[in-house]
């Protein structure tokens, strides 16, 4: 693979470090006096999402990360395998529970997500920032218990358990933040 | 709020600044010169990459051509010219930028430091109407030795300035300025590589925050008496403590590097040896080979450079800092 000189780095460049794909999220060139140029980068692990700061000196080289993101639609789960369909080619792929991780709780039928391929292997999924799900089970709120910040547990259609305000009833739809897993608001209609 | 000027304001700003700089240097008895931007050879420097303009390069600074003029009897001169350095692109770097470069004959190395202060004052005064700086212009300037600055910012580091590569590696091991493995092999090459590596890391992580503090207090800084391996094109000198140093300084204002100057090296053999050492370092870091600036070296031999000192100041940077812009592009006349 052709190597990439640090001077060719740009925001959103995808690079490989220690066998992991990273994307450059921020980037600053500084050069002290007649010293060596420094490339101060904030990079994000494309699989784990972990962000870190790294500084490279001019002249250093990388391998570009062979990563590709494809839009896919969630079809169904069978055991710990999750089947998705490529929105362009209609080709179906199966992802393991290990790749999908806790995102499995937010996989609604027909939900379109981005699947990240690293060296042609699916390594991760990225969900919309929030999903709307139906509450399938929850204890009724106790009358009189109306103090602020009082929550109860609710189950949504995928089986995910979430803390919701006590006024939420079975059959109502709620918006959930897929990054934190937390309840955002009730959705009317 | 960073200041972003419209085109008409930028034109007026540059016009006012250029007039002020010219008036200052003419008032000091320097003559303005112009030397061509395409040159057969540039000064061979470790981390400055020229842009090819076959059959030569665009000048990275007008230094060699101006020193040749000095050798042939020009007397004190200044030049305002665009220079080009490949790959230097950032908020405070542009591949093409305006360098103000000047030489005084006879003066000691400190003459050009006074000029940096005066030029800054002149430009601040001439451009006041466009200025909304977040940081005031320096009210005072301080000269501090390189090793004293190291002590002030990295008190654990006991540097003498004359360390060879092995010693510098040992002294910096385990500190934030630990050096990456050296790639050069000669003693001179390793010394240059080690010191340049240290300077790069220390400037970035220790010196810059320290300079920012001084800038907030309205103080400009001249970093003087660089260790001898970092002399570049400066003459060797002896500092107040009797240590061998180089007659090189770097001026910082608003927390940013503004100018670099030398008591100029006049020894052609020494200059040639330094270019050879840099060429070794460049080769070790896969930087393209550059031709030896033969015509300049010949002029150093005969007629020879008169005793002189000079400096180069980044005019785009000074203007951006003076008006309180957040990046060079915000005062540029072309993208």
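The values are calculated or read from the model by the stated rules, or taken from the named source; none is laboratory data. Given the structure is predicted, the values throughout are model-derived calculations rather than measurements. We place every Cβ from the backbone using ideal geometry, glycine too, and count neighbours over all the protein chains shown.
Residues in the range B:91-108 that are within 10 Å of another protein chain (Cβ to nearest Cβ) and either modelled with pLDDT under 90 or part of a loop (DSSP other than H, G, I, E, B) (or both): how many?
2
Go through B:281, B:321, B:300, B:230 for me and flag whichever is surrounded by 20 or more Cβ atoms within 10 Å (Cβ to Cβ) and under 15 Å from the mean Cα position of the chain (by Cα).
B:230
Hey, does the range B:284-293 have a residue that's more than 14 Å from chain A (Cβ to nearest Cβ), buried (at least 18 other Cβ atoms within 10 Å of the Cβ) and outside any loop (DSSP other than H, G, I, E, B)?
No; the residues of the range B:284-293 include none that is more than 14 Å from chain A (Cβ to nearest Cβ), buried (at least 18 other Cβ atoms within 10 Å of the Cβ) and outside any loop (DSSP other than H, G, I, E, B).
When you scan the range B:304-317, do you find a residue that is within 14 Å of another protein chain (Cβ to nearest Cβ) and free of Cβ contacts under 8 Å to residues at least 60 places away in the same chain, even just one?
No: the range B:304-317 contains no residue that is within 14 Å of another protein chain (Cβ to nearest Cβ) and free of Cβ contacts under 8 Å to residues at least 60 places away in the same chain.
Identify, by number, the condition in (1) closer than 18 Å to residue A:57 by Cα; (2) more than 10 Å from chain A (Cβ to nearest Cβ) that residue B:217 doesn't meet.
The single condition residue B:217 does not satisfy is (1).
Could you identify the single residue in B:46, B:36 that is in contact with a helix residue (DSSP H, G or I) (Cβ under 9 Å, 6 or more places away or on another chain), within 14 Å of chain A (Cβ to nearest Cβ) and outside any helix (DSSP H, G or I)?
Going through B:46, B:36 in turn, just one is in contact with a helix residue (DSSP H, G or I) (Cβ under 9 Å, 6 or more places away or on another chain), within 14 Å of chain A (Cβ to nearest Cβ) and outside any helix (DSSP H, G or I): B:46.
Do we have residue B:57 as in a loop (DSSP other than H, G, I, E, B), buried (at least 21 other Cβ atoms within 10 Å of the Cβ) and either within 14 Å of another protein chain (Cβ to nearest Cβ) or at pLDDT 95 or above (or both) here?
In short, no.
Which of the residues spanning the range A:4-41 are in a strand (DSSP E or B), away from chain B (no Cβ under 14 Å) and loosely packed, with under 15 Cβ neighbours inside 10 Å?
Correct list: A:17, A:25.
Any idea which residue in the range A:48-72 is farthest from the other protein chains (Cβ to nearest Cβ), counting only those that are surrounded by 12 or more Cβ atoms within 10 Å (Cβ to Cβ) and free of Cβ contacts under 8 Å to residues at least 40 places away in the same chain?
A:51
Residue B:121 passes all but one of (1) in contact with a strand residue (DSSP E or B) (Cβ under 6 Å, 6 or more places away or on another chain); (2) free of Cβ contacts under 8 Å to residues at least 24 places away in the same chain; which number fails?
Going through the list (1) in contact with a strand residue (DSSP E or B) (Cβ under 6 Å, 6 or more places away or on another chain); (2) free of Cβ contacts under 8 Å to residues at least 24 places away in the same chain, residue B:121 breaks only (1).
Can you tell me which residues in the range B:197-214 are within 12 Å of chain A (Cβ to nearest Cβ) and surrounded by fewer than 22 Cβ atoms within 10 Å (Cβ to Cβ)?
Answer for the range B:197-214, where residues must be within 12 Å of chain A (Cβ to nearest Cβ) and surrounded by fewer than 22 Cβ atoms within 10 Å (Cβ to Cβ): B:204, B:205, B:206, B:208.
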